[in-house]
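Quick notes on the structure that follows.
The values are calculated or read from the model by the stated rules, or taken from the named source; none is laboratory data. What you are looking at is a predicted structure, and each value in this text was computed from that prediction instead of being measured. Note that each Cβ is placed from the backbone with ideal geometry, even for glycine, and that neighbours are counted across all protein chains shown.
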């Protein structure tokens, strides 16, 4: 059995994204997907006041633009602003000193104007680094732009699975369940396995929230968990939600 997870390359994604990679043998990244604002150029972290805020890459593109044609800004100064925000917000986190070197590696990807030139390239590099940090570095990562040019979502999902020999598709409990015709996927001989991470999101200490007496907030960037509970904590968290066949 070969299991595939198909998704756009999110910018510094949340733990649920990694949980789905963990269930997969092959990760197909939709690097040629159309841009939308949600998770492709921004990610949520906590401020020093424990309030969710966005770190947003200022790409200035409109919805519908293919990710692999969206150039990063020539001025990469926004990465230094990210560094400042993270330092102020997470300086007291339990694993800040241990993990700030890795955060700087992610920021280096954004700052290197001789490296990644598009949002897709940058996100793919960052995602692979984060996956490796979470113990998922042996998964095979494939770019969808190299495989299938079919436009319709469900048909393309089937074609992408077939192109890598996958007979099982990993999904979450979010939008993909409504964006695809799961029955057509199953009829094509591809099993569907769900990781219902968001509805069962494991809790961990968020030092800003605890200090102020606030409740846990789910769905933040993986770097929130990394700086709070460390590498071993992240690896444990992404394995806490069990998958099930749909």
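Summary of computed values
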quantity	calculated
Some residue of the stretch 48-60 being part of a helix (DSSP H, G or I) and under 28 Å from residue 241 (Cβ atoms)	no
Residue in the stretch 163-184 that is assigned to a helix (DSSP H, G or I), modelled with pLDDT of 95 or more and under 23 Å from residue 39 (Cβ atoms) present	no
Conditions (1) surrounded by fewer than 22 Cβ atoms within 10 Å (Cβ to Cβ); (2) modelled with pLDDT of 95 or more; number of the one not met by residue 4	(1)
Any hit, the stretch 46-68, residues being free of Cβ contacts under 8 Å to residues at least 24 places away in the same chain, over 22 Å from residue 115 (Cβ atoms) and over 11 Å from the mean Cα position of the chain (by Cα)	yes
Residues of the stretch 106-145 that turn out to be farther than 12 Å from residue 79 by Cβ and part of a helix (DSSP H, G or I), as a count	15
Flag if residue 219 is in contact with a helix residue (DSSP H, G or I) (Cβ under 9 Å, 6 or more places away or on another chain) and more than 26 Å from residue 36 (Cα to Cα)	no
One residue from 51, 21, 28 being touching a strand residue (DSSP E or B) at 6+ places or on another chain (Cβ under 6 Å), within 16 Å of residue 221 (Cα to Cα) and either at pLDDT below 95 or surrounded by 20 or more Cβ atoms within 10 Å (Cβ to Cβ) (or both)	21
Selection count, the stretch 68-89, where residues are farther than 20 Å from residue 222 by Cβ, part of a helix (DSSP H, G or I) and in contact with a helix residue (DSSP H, G or I) (Cβ under 6 Å, 6 or more places away or on another chain)	1
Near pairs, Cβ below 7 angstrom, 6+ apart or cross-chain, from the stretch 135-158 (on the phi > 0 side of the Ramachandran plot and in contact (Cβ under 8 Å) with a residue 12 or more places away in the chain) to any residue that is assigned to a helix (DSSP H, G or I) and crowded, with 16+ Cβ neighbours inside 10 Å	135/235
The stretch 213-246, residues that are in contact with a strand residue (DSSP E or B) (Cβ under 9 Å, 6 or more places away or on another chain), part of a loop (DSSP other than H, G, I, E, B) and touching a residue at least 60 places away in the same chain (Cβ under 8 Å)	217, 219, 220, 243, 246
Residue match in the stretch 84-99 (condition: at pLDDT below 95 and touching a strand residue (DSSP E or B) at 6+ places or on another chain (Cβ under 8 Å))	no
